[in-house]
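Trainee: One structure follows; several queries about it will come next.
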Amino acid sequence: MALKIMVVDDEKDVEMLFRQRFRREMRQGEIELLFAFSGEEALEVLAAQGKTDVVLVLSDINMPGMTGLELLRRIKSEPPPVPVCMMTAYGNDDYRQRAEEHQCDGYLTKPIDFRALKARIHELAGEAPING
Amino acid sequence: MRPFLDGFLAGLLVLCASTGMAASVYAQPLTTSEDGIFLSAAMLEMGQTVDLSTVPWRFHEGDNPAWADPVYNDSAWALINTDFPSDSLGGAWQGIGWFRLHLRVDSSLHNTLLGFYTYHAGASEIYLDGEKIGGFGEIGTSAETDQIYIPKGLPLTAHLDDSDAHVLAVRYTNRALSPRQRAFHALSRYEPTGFALVVGANTEMVHRYTFSKSQIYTDALLMGMLLLIAALHLLLYAFDRRDHTNLFFGLSMLCMSIGHFGAGHVFGYQFLLVDGALNETLLFDIGFHGFMFFLLLLLATVYSLYAPRLVRYVWIAGLVWLIVWGMLWNSLDRTTDVAQILILLLFLETIRVTAYAIYKRQEGGWMLGASVLITALAFLAFALGGTSATAYRGALTDTPRLVTQTGFWLIFLFVPLPLGMSVLLARRYTSRSQRLELELERVEELSAQTLAQEREKQALIASQNERLEAEVEARTAELRQSQQQLVHAEKMASLGALTAGIAHEIKNPLNFINNFAEVNEELADELQEALTNGESVEDIIADLKQNATVIAQHGKRADGIVKSMMAHAREGKGEREAVNLNALIDEHVELAYHGKRAQTPGFNVKIERDFDEGVGNVEVVPQDFGRVILNLVGNAFDAVMERAASENGTYEPVVHVVSCKQAGGVEIRVADNGPGMNAEVKTKVFEPFFTTKPTGTGTGLGLSLSYDIITQGHGGTLTVESKEGNGAAFVITLPHAVAPAR
């Protein structure tokens, strides 16, 4: 069964990047990617899809409207707990601290190291890393 | 008491006598017999006369022309001296009486000319051998019609024939004289009652007359000298009216001159009484007052020199004298008594003050003392000598010498004091002018010194000014430098605020660039694999292309961000260029937003942009103007965040950025719905270093610099509208035609 991962970012190119990066995993049916371009959309998608299916939410912080941190708070505030990884260009500790306060499950800084991301996904999915 | 001035003049004569020169000449003893007196040529030699008043004459009261006849028998007549005292005839005899004297001569006097001269106060007719040879004055029918004799000194001449016996008859009128007349005649060296007939060789008498007339010149000289001195000192006073000494002394000399004129027995009667222009009474008073005021004013002068505060007492004394004189008009004796006392007091006081001046070593004290002493001695000698009848009597017989001697000795009385005083005053003025000169020199010296000091002071001030200026310049330079540093710091601070945002902005494209590049690497591998396997590669190539495009796109994006950052950080060249103002504003609002977001987690604001497309291109200095927008928007963000922090969730922070084309130019408005500001903050908001932000977070220069940029750099205005608790709006206006940058 494919692991459902939702990516939330206001930049459209992110979708293309993720599709390409996870091209192989998607082709092999290991991972299924969902995209939302704002926090609000992400919540809608989660509600529509059912939270349990989604093993990981990857969210940008700096977005118009609902910020990534708000999204994190909202997701964490309602069970079941869905792992949320922040994925941001902000390198400063303020954001990391705030994210950790809201029980984020990871804090990735852009440019994203996909190798580390993939390892994290597998870790969260309770599986051994696929490879590389 | 003898009238003082009489004594004074008699004293004058005794001074002559005391020299011993006059003493030997007048005492020609006369031999008297039954036949009368004997005269010989030897007795009437040159320089000698015979005073006939020393021998007794026959006298008969009444008037009878026959009594002139030489053959008339007068043996029954009384024998008296002609210089009888006023009351010697029982005081009852008044009017006309006859005196007869028998003369015997030897052949030496046959056919010679004799001269007669008389001193008396009445009028007389002289007869020789029954023949009238002349008279002195004119005998009238009563006291009123008498013209009493005013001595002029002209002798009568008579011819002696060759007989041995002769008779002299004098018809004399004895009238009661007023005290002043008597006093005046006393001045003419004659006892007012009785007469003295002097006989001598005619040549001798004429000679004596001529000689006595020469005293006019002595008198005139003396008067002239006194007047000259008076004029000199009055002139000196006219030149310097502050010093009254010259006035007093000048007047004193004037009074002395007048007094001398009045009492001037020769001068006065020789010329002024002839025509009856003045009578002897008036002349006497003039002399009297002249001398009195001479002494008063002399004391005033001495006071003025050495005791100025006492001067007023002199005026009191003068007033007293005038009052006394008026009151005692009819009693000359008592007047003269008072005068003597007053004169004595004045003299003593003058001596006292002079002595005091000498004691105190006052200027000119010795000079005055010496002249006062000489005058006093002369005065005293004359006054005391006045009592010597012998001297007085003797003087009458030797007029020429008397006159000469008197003229000589008068100098001792009249000259030392005026001369001494004049010299004193002159010396006083000289020393004063010397002192003034010295003082002037000192003043000049001092002023030169002051000038030099002033110059020094000015030089000092100038050098201090220079130093101050240099210091001010240095400080100004320092200030300018620190200002530049501050401006730079402000720029860096705003840059710092942007850095986070910029980093964020750059990292996003970098994320794509890095990852797509890696993807492309993988795709290249796949492409090779597919080629090896003979699979279709078109999809892979399409992906590769697409990725490359994305990489390039984000590369450009990063480049743009870096460029705009550089543009911000770069020292603005200050050159204006026409730019799309809305785009510029938008860009910087965005930069500010990202910057703030990057720095502040949870920062959220609704930015409302309301751009008027009509604004179009506007000439601005892009870097500078951009900084202003960054600053204003940044402040607006801070304001709304501040309010957000203090309020609950209901508050929605909004920043409203508006551009608007207007008639005169463009208006840009950055408004927030933050807490606003109070009036005090509002007035200070554009001041340098004023900040409401916590220490260390703001430089306090942002708005101040923005203000300068807009007003000075762009010729626009930057104003603030705000109400406390009700947001704030900063309004920029830019004119269409931007003024040239400074």
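The values are calculated or read from the model by the stated rules, or taken from the named source; none is laboratory data. Every value quoted in this text rests on a predicted model; they were computed, and no experiment measured them. Cβ sites come from the backbone with ideal geometry, for glycine too, and all protein chains shown count toward neighbours. Accessible surface is based on the protein model in full, side chains and every heavy atom, while ligands, DNA and RNA are left aside. Shrake-Rupley method; radii C 1.70, N 1.55, O 1.52, S 1.80 Å.
Trainee: Identify, from the list B:H588, B:H594, the residue that is more than 14 Å from every other protein chain (Cβ to nearest Cβ) and within 30 Å of A:Q97 (Cα to Cα).
Mentor: After ruling out the rest, the residue left standing is B:H588.
Trainee: Quick test for you: out of B:I229, B:I258, B:I286, pick the one residue that is at pLDDT below 80, in a helix (DSSP H, G or I) and surrounded by 14 or more Cβ atoms within 10 Å (Cβ to Cβ).
Mentor: B:I286 is the lone residue from the list that is at pLDDT below 80, in a helix (DSSP H, G or I) and surrounded by 14 or more Cβ atoms within 10 Å (Cβ to Cβ).
Trainee: Now for a different question. State the number of residues belonging to the stretch B:584-606 that are part of a helix (DSSP H, G or I) and either without any contact (Cβ under 8 Å) to a residue 12 or more places away in the chain or outside the structural domain of B:F625 (by TED's automatic domain parsing) (or both).
Mentor: 1
Trainee: Taking into account only those residues within the stretch B:544-565 that are more than 9 Å from chain A (Cβ to nearest Cβ) and farther than 28 Å from B:L591 by Cα, which is most open to solvent (accessible area, probe 1.4 Å)?
Mentor: If we take residues in the stretch B:544-565 being more than 9 Å from chain A (Cβ to nearest Cβ) and farther than 28 Å from B:L591 by Cα, then B:K545 is most open to solvent (accessible area, probe 1.4 Å).
Trainee: Can you name the condition, by its number, that B:A741 falls short on among (1) modelled with pLDDT of 80 or more; (2) of a type in the set (A, V, I, L, M); (3) not assigned by TED's automatic domain parsing to the domain that holds B:D610?
Mentor: (1)
Trainee: Return the residue satisfying two criteria in turn: it lies in the stretch B:630-650 and is away from chain A (no Cβ under 14 Å) and outside any helix (DSSP H, G or I), and of such residues it is least open to solvent (accessible area, probe 1.4 Å).
Mentor: Checking each candidate, the answer is B:E647.
Trainee: Quick one: in the stretch A:72-99, which of the residues that are surrounded by fewer than 19 Cβ atoms within 10 Å (Cβ to Cβ), modelled with pLDDT under 85 and assigned to a helix (DSSP H, G or I) is nearest to the other protein chains (Cβ to nearest Cβ)?
Mentor: Within the stretch A:72-99, the match that is nearest to the other protein chains (Cβ to nearest Cβ) is A:D94.
Trainee: Related question: Filter the stretch B:602-629 for residues that are under 18 Å from B:P653 (Cα atoms) and open to solvent by 20 Å² or more (accessible area, probe 1.4 Å) and give the result.
Mentor: Across the stretch B:602-629, the qualifying residues are B:G602, B:N604, B:K606, B:I607, B:E608, B:R609, B:D610.
Trainee: Scan the stretch A:18-29 residue by residue and report those that are farther than 23 Å from A:I61 by Cβ, touching a strand residue (DSSP E or B) at 6+ places or on another chain (Cβ under 8 Å) and surrounded by fewer than 18 Cβ atoms within 10 Å (Cβ to Cβ).
Mentor: A:M26, the sole residue that qualifies.
Trainee: So which residues in the stretch B:500-543 are more than 8 Å from chain A (Cβ to nearest Cβ) and polar (S, T, N, Q)?
Mentor: Passing the criteria: B:N520, B:Q528, B:T532, B:N533, B:S536.
Trainee: With the checklist (1) at pLDDT 90 or above; (2) buried (at least 18 other Cβ atoms within 10 Å of the Cβ); (3) under 29 Å from B:A548 (Cα atoms); (4) within 12 Å of chain B (Cβ to nearest Cβ) in hand, flag the one item A:E15 doesn't pass.
Mentor: Single failed check for A:E15: (2).
Trainee: How many residues are surrounded by 15 or more Cβ atoms within 10 Å (Cβ to Cβ) and more than 12 Å from every other protein chain (Cβ to nearest Cβ) if we restrict to the stretch A:52-71?
Mentor: Residues in the stretch A:52-71 being surrounded by 15 or more Cβ atoms within 10 Å (Cβ to Cβ) and more than 12 Å from every other protein chain (Cβ to nearest Cβ): 8 in total.
Trainee: Can you find a residue that is open to solvent by less than 50 Å² (accessible area, probe 1.4 Å), touching a Lys or Arg at 6+ places or on another chain (Cβ under 6 Å) and touching a residue at least 60 places away in the same chain (Cβ under 8 Å) anywhere in the stretch B:684-703?
Mentor: There is no residue in the stretch B:684-703 that is open to solvent by less than 50 Å² (accessible area, probe 1.4 Å), touching a Lys or Arg at 6+ places or on another chain (Cβ under 6 Å) and touching a residue at least 60 places away in the same chain (Cβ under 8 Å).
Trainee: A:C104 - would you say it is buried (at least 20 other Cβ atoms within 10 Å of the Cβ) and more than 14 Å from chain B (Cβ to nearest Cβ)?
Mentor: Judged against the criteria, A:C104 is not a match.
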